[in-house]
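These notes concern the structure reproduced below.
The values are calculated or read from the model by the stated rules, or taken from the named source; none is laboratory data. Predicted, not measured: the structure shown is a model, and the values here were computed from it. All Cβ positions, even for glycine, are placed from backbone atoms using ideal geometry, and neighbour counts span all protein chains on display.
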Amino acid sequence: MAGFSQAYVVGPRNYDGVNPIELMLLQGDGERMWFQPLYVEKGLRPLGALNVLVPAGPTDPDALLDACIAFHPEPFRACPSLAAVEAALGRSKRLDVNDKSEGIGPLWAKLREEARPLFAKLTICQAKFAPLALGGG
């Protein structure tokens with residue numbers, strides 16, 4: 001069974017957190033971990049037509065960076081290789097960064113390094129999901 005285990009909230013920093021929320025990155029766990037976007041801010045869109053990103057692995061330190069590039073590309077528009085990656089993705093709805101057959105690997109690796117300093121400036125908060133004990137039988 002697969003389901004969402006946590007979310008990452010992206011938006012501008014406020015004195016007590018993130019407000020307004022622009023985007024939520026939902027992390028799903030199953031046979032493989034994946035991310036899906038939930039847009040709160042109107043007008044935001046993913047890179048190309050992406051709606052699922054499968055990171056290299058559940059402990060990959062670049063998983064959240066990859067998800068932000070895929071689903072919140074606006075902060076990374078200054079990256080020289082962003083347009084080439086978007087063109088290479090075409091109308092793909094899913095990106096598995098481990099899938100060598102997609103031919104995006106070297107381009108994505110280059111974009112990731114260009115995006116890293118911009119990613120460090122984002123405000124992201126994490127929320128882990130846990131069931132509530134509601135007292136019903």
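Here is how the numbers come out for the structure above:
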item	result
Identity of the residue in the stretch 63-81, closer than 21 Å to Q36 by Cβ and among the aliphatic types (A, V, I, L, M), that ends up surrounded by the most Cβ atoms within 10 Å (Cβ to Cβ)	I69
Entirely in the stretch 1-101, the strands (runs of 3 or more DSSP E) that have 2 or more residues that are under 17 Å from T123 (Cα atoms) and in contact (Cβ under 8 Å) with a residue 40 or more places away in the chain	3-10, 23-29
Qualifying position, being surrounded by 15 or more Cβ atoms within 10 Å (Cβ to Cβ) and closer than 22 Å to Q6 by Cα, among Q126, Q27	Q27
Single residue of the stretch 30-41 satisfying the filter (of a type in the set (A, V, I, L, M, F, W, C) and surrounded by fewer than 17 Cβ atoms within 10 Å (Cβ to Cβ)) that is farthest from A56 (Cα to Cα)	V40
Selection count, the stretch 84-114, where residues are under 26 Å from F4 (Cα atoms) and among the hydrophobic types (A, V, I, L, M, F, W, C)	4
Some residue of the stretch 106-113 being surrounded by 14 or more Cβ atoms within 10 Å (Cβ to Cβ), without any contact (Cβ under 8 Å) to a residue 60 or more places away in the chain, of a type in the set (D, E) and on the phi < 0 side of the Ramachandran plot	no
Qualifying residue in the stretch 90-106 (condition: hydroxyl-bearing (S, T, Y) and touching an Asp or Glu at 6+ places or on another chain (Cβ under 7 Å))	no
Answer from L44, L53 - the residue that is within 23 Å of A87 (Cβ to Cβ) and either surrounded by 17 or more Cβ atoms within 10 Å (Cβ to Cβ) or modelled with pLDDT under 95 (or both)	L53
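Condition check ((1) touching an Asp or Glu at 6+ places or on another chain (Cβ under 9 Å); (2) among the aliphatic types (A, V, I, L, M)) across all residues:
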{"residue": "F4", "(1), (2)": "yes, no"}
{"residue": "V10", "(1), (2)": "yes, yes"}
{"residue": "N14", "(1), (2)": "no, no"}
{"residue": "L23", "(1), (2)": "yes, yes"}
{"residue": "Q27", "(1), (2)": "no, no"}
{"residue": "Q36", "(1), (2)": "no, no"}
{"residue": "N51", "(1), (2)": "no, no"}
{"residue": "V54", "(1), (2)": "yes, yes"}
{"residue": "P61", "(1), (2)": "no, no"}
